[in-house]
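Reading through the structure tokens given below for one structure.
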Amino acid sequence: MIDLLFRLSDLGIPVSAIAAEVSDRQTMSGNIGFVVLAIIVGPVVILTIASMLEHPRTFRIPTLFIGSVILLISAIISSFAAAGMLLKLVIPQ
Amino acid sequence: MAAMMRRPEPDRTTAALLRPMLNTSRAFYFLIIALFIPAGWFVYAWYLQLIQGLGLTSMRTPVGAPWGAYIANFVFFVGLAHGGIAIAAAIRLLNLTKYTPVARIGEVLTVISLMMAGLSITIDMGRPDRIFNIVIYWPQRVGTSSLSWDVTVIIIYFTLSSVYLWLTMRKDLVLCAKRFPKLSWFYKIFLVGYKPDEEHKIERMSWWLSIAIVFLIVMLSGGVVPWIFGLLPSQPGWFSALAGPYFLTAAIGSAIAAVIVVSGVLRKLFKWQEYIKPEIFKGLGTFLGIITLFYIYLILAEQLTMRYAAPMSEFLISEKLFQGEFAPIFWPMLLLGFFTPAIILVSQAIHPQWFGTTRTILAAGVIVAAFWVKRFLIVVPSLLRPLLPFPEGSYSPSWLEWSIVAGILASAILLYTLFLKVFPIVELGEE
């Protein structure tokens, strides 16, 4: 990728071995985002499950909690779609 | 729910805490109009930007800064979003009950700040009409794009914070439904599935969720947001393992400062001196003073590294701040925006007789403004001097960018004011 960028920029900069190495490593670490998100989201999911299983064990509040989380995330994603469609009417295509 | 509809006279405390909802003065309407003007101007300015493009801003590429005031605003609002929820979490986890009166003030600040952060980033997009592509291409991008991580974690944080606010507010909404029968239909929407015995379960759930939220705060402002900058070796001044702690400290500092300011303003406006006591400002002020001094230390560590034996590109970015075009805002920010208020706040902690609530609020206000400037100085100078051999650029936000930044702030205050009119901003307790 870096190799390609240097060539496209046509700046006369030779592609160094370091750049090539960085490029390789970046390609190899293409899934690092999943690791990062697993590290972030994993504990949040565990703590959220712990909160729902906490005494007193009623299922009404956890159900409300899960329902509202799903509702909010769906609303956010839908608002992305709605905003995109609305902005298409404003922005010259 | 029928039993809920009986309308007992609220006791004095409840009546005082419901003051923003019970009384609507002429000043309120003036405030709303005063906020609508910049908010409306912001909509017009954004409309202009949408139809004519980002060329109306001062952002330029490849010579100049492709990111500017909007991204500084985004980082600022994400940081601001941590105060209230952090305080609310600390109250639960560390049993700091004396701060309970300001917990919800900050929780609402969290939710509104996150909305404004999202708005800032949307406005920065060249083609916001393609915003849904974030969702469509998420599975392909999330493996490598730190921006995708940001979107994911901010959505999770926003969702968790909003649901946390809603759950902890339910018992107060019961009181509101009793007190305001005309609006009871509205409160009933938020009271879906309500039963009087739910409070204990919510309290226990909130305790666990507090830990999750504190963890998310660290991973958002000390993780995915700084990693947008800190993981890029191509930008001198950004590439640093220090980025995480640096941003996290700024986030907590600016957020606590904002909670102090908002609590101080509400306390004065609604005569809540009896409920939001000076001890709260004293405690938060001391913490803010210490964290601001720690932030100054981080600035010192960063600048020393950039000036001692760093690559020339790093040194030149530092020079821009020390003696270059950004020196006129860097030094006032450091000395007047951070150092002086921090010394005032810490001095008050050492000599309790020097403590003043107004002084603490003013110092916090100055620190909030300084943190916005700092975000600007993180984003812009580095972009003006890229490693690639392009000529050096310059950047100063255009009138349109200032209009949008001011309009976003006005919209945030407007939303907060409307929330105050409909929901209790301080926990009501038992009636």
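The values are calculated or read from the model by the stated rules, or taken from the named source; none is laboratory data. Here the structure is a predicted model, which is why all the values come from computation and not from measurement. In this analysis, Cβ positions are derived from the backbone assuming ideal geometry, glycine residues included, and neighbour counts consider all displayed protein chains. With ligands, DNA and RNA removed, areas are computed over all heavy atoms of the protein, side chains included. Shrake-Rupley method; radii C 1.70, N 1.55, O 1.52, S 1.80 Å.
Among B:Ala15, B:Ala86, B:Ala39, which is the only one that is within 30 Å of B:Lys182 (Cβ to Cβ) and open to solvent by 20 Å² or more (accessible area, probe 1.4 Å)?
Answer to the selection: B:Ala15.
Please tell me if B:Ser206 is open to solvent by less than 10 Å² (accessible area, probe 1.4 Å), more than 12 Å from chain A (Cβ to nearest Cβ) and either out of contact with any Ser or Thr (no Cβ under 7 Å at 6 or more places or on another chain) or within 22 Å of A:Pro43 (Cβ to Cβ) (or both). It is false that B:Ser206 is open to solvent by less than 10 Å² (accessible area, probe 1.4 Å), more than 12 Å from chain A (Cβ to nearest Cβ) and either out of contact with any Ser or Thr (no Cβ under 7 Å at 6 or more places or on another chain) or within 22 Å of A:Pro43 (Cβ to Cβ) (or both).
Within the stretch A:67-93, being open to solvent by less than 40 Å² (accessible area, probe 1.4 Å) and among the polar types (S, T, N, Q) holds for one residue alone: A:Ser68.
Whenever a residue of the stretch B:198-226 is under 12 Å from A:Leu53 (Cα atoms) and free of Cβ contacts under 8 Å to residues at least 24 places away in the same chain, its partners that are part of a helix (DSSP H, G or I) and of a type in the set (S, T, N, Q), lying with C-beta atoms within less than 7 angstrom and at least six residues away or across chains, give the pairs B:Trp208/A:Ser51.
For the stretch A:72-88, give me the residue count where each residue is more than 7 Å from chain B (Cβ to nearest Cβ) and either of a type in the set (Phe, Trp, Tyr) or closer than 17 Å to B:Met125 by Cβ (or both). It would help to see each step written out before you state the result.
Looking only at the stretch A:72-88, we keep the residues that are more than 7 Å from chain B (Cβ to nearest Cβ), and these are A:74-75, A:78-79, A:82, A:85-86.
From the residues that got through so far, the ones that are either of a type in the set (Phe, Trp, Tyr) or closer than 17 Å to B:Met125 by Cβ (or both) too are A:79, A:82, A:85-86.
Residues flagged as more than 7 Å from chain B (Cβ to nearest Cβ) and either of a type in the set (Phe, Trp, Tyr) or closer than 17 Å to B:Met125 by Cβ (or both) within the stretch A:72-88 amount to 4.
When B:Val192 is tested against the conditions (1) in a helix (DSSP H, G or I); (2) farther than 29 Å from B:Gly53 by Cβ; (3) facing chain A (nearest Cβ under 9 Å), the lone failure is (1). Here the stretch B:150-181 is the region considered, the condition is being of a type in the set (Lys, Arg) and open to solvent by 10 Å² or more (accessible area, probe 1.4 Å), and the residue that is farthest from the other protein chains (Cβ to nearest Cβ) is B:Arg179. If I filter the stretch B:95-124 down to residues being at negative phi and either open to solvent by 50 Å² or more (accessible area, probe 1.4 Å) or basic (Lys, Arg) (or both), which single residue comes out as nearest to the other protein chains (Cβ to nearest Cβ)? Only one residue tops the list, namely B:Met115. Taking residues in the stretch B:286-301 that are open to solvent by 20 Å² or more (accessible area, probe 1.4 Å), and partners anywhere that are hydroxyl-bearing (Ser, Thr, Tyr), the pairs with Cβ atoms closer than 7 Å and at least 6 places apart or on different chains are B:Ile291/B:Thr249; B:Phe294/B:Thr249. Within the stretch A:54-66, the set of residues being open to solvent by 40 Å² or more (accessible area, probe 1.4 Å) and either facing chain B (nearest Cβ under 9 Å) or in a loop (DSSP other than H, G, I, E, B) (or both) comprises A:His55, A:Pro56, A:Arg57, A:Thr58, A:Phe59, A:Arg60, A:Thr63.
Checked against (1) touching a residue at least 60 places away in the same chain (Cβ under 8 Å); (2) surrounded by fewer than 18 Cβ atoms within 10 Å (Cβ to Cβ), B:Arg141 passes all but a single condition, namely (1). Kindly evaluate B:Val75 against the criterion of being more than 23 Å from B:Thr168 (Cα to Cα) and open to solvent by 40 Å² or more (accessible area, probe 1.4 Å). Considered against the rule, which asks whether it is more than 23 Å from B:Thr168 (Cα to Cα) and open to solvent by 40 Å² or more (accessible area, probe 1.4 Å), B:Val75 comes out as no.
Within the stretch B:211-220, the set of residues being touching a Ser or Thr at 6+ places or on another chain (Cβ under 9 Å) and more than 7 Å from every other protein chain (Cβ to nearest Cβ) comprises B:Ile213 only.
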